[in-house]
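These notes are about the structure you will find just below.
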Amino acid sequence: MHPNPAFRAEARSRHIDFARDRAFGVLAVSTPNAPLLSHVPFLLSKDAAWADLHLVRSNPIVRLLKQPQSAQIAVSGPDGYISPDWYGVDDQVPTWNYVAVHLTGVLEMRPAEELRSLLDQQAADFENRLLPKPPWLASKMTPDALERMMRMIVPCRLNISDINGTWKLNQNKSDAARQSAADHVQSAGIGTEVPKLASLMREAIS
């Protein structure tokens, strides 16, 4: 997380809402050589006490889960380059604005009996966002095909002990400079989801 307090003033509840809405992040588990990383969808519990996910059985992280492992899920949001020319103020430097939330805790493998429920819940969470499309259901698959697919994955849970977030949106600049930069991000930004980033910059409080 960024050390500047100006970028870390958002409420924990906003971090949680952001992570729950994105529902996708980079799972990291440490090893002696280098961290193991996996890009995973997840379901955050109502109280944000845990995040449920599944991993392919052949994933190296699964081999570590004979014992619970310290782990983190990094959830990224909009991001973009900020040119110093956009502030309308002298003696500025380039930077990159972004939103990120980290879920930290202990990752464990869950009983195989929980897998079907997890898959149904994950599918429902995302399919319900596609309404009025009729939701896809696992029952649409033939039992044999579903069983084959389920044998390839394992259910896991990150028991969350800490939630931190960085909302780097030029809060350390004047309102006029931040608004000017947001306008340029909107019209000519480089990054991911730059219209959303511009909107967040405009809403940020210095």
With the Cα gyration tensor of the chain in hand, give its eigenvalues times 5 under a square root as the equivalent ellipsoid semi-axes, listed largest first in whole angstrom.
37, 20, 14
What Kirkwood hydrodynamic radius, in Å, does segment 7-127 give when the mean of 1/r is taken over all pairs of distinct Cα atoms and then inverted?
16.5 Å
Please label the shape of segment 1-55 as rounded, prolate or oblate, based on the square roots a ≥ b ≥ c of the eigenvalues of the alpha-carbon gyration tensor (a/c under 1.5 means rounded; beyond that, a/b larger than b/c means prolate, else oblate).
oblate
Okay, helix-only estimate at 222 nm for the chain: each DSSP H run of n ≥ 4 adds -39500 (n - 2.57), divide by all residues, round to 500 deg cm²/dmol; what do you get?
-9000 deg cm²/dmol
Based only on the alpha carbon positions, what is the Kirkwood hydrodynamic radius of segment 50-89, in angstrom?
14.4 Å
Taking 0.36 nm per residue of sequence separation and subtracting the Cα-Cα distance, how much length would be gained by fully extending the chain between Asn128 and Ser83, in nm to one decimal?
12.3 nm
Which longest run of the chain has no exposed loop site in it, a site being trypsin sites (Lys or Arg not before Pro) in a DSSP loop with at most 12 other beta carbons within 10 Å, and the site itself not part of the run?
67-206
Inter-probe distance in nm under a simple model that places probes 7 Å from Cα toward Cβ, at Leu137 and Val56
3.0 nm
Long-range amide H contacts for Trp50: which residues qualify at under 5 Å (H placed 1.01 Å from N, peptide plane, sequence gap of 5 or more or a different chain)?
Ser45, Ile160
With R₀ set to 25 angstrom, the calculated FRET efficiency between the beta-carbons of Met149 and Arg14, to the nearest 0.05, is 0.10
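Coordinate-derived values only; no laboratory data. Fair warning: this is a prediction, and the values are worked out from it, not measured in the lab. Here Cβ is always computed from backbone atoms with ideal geometry, including for glycine, and neighbour counts include all displayed protein chains.
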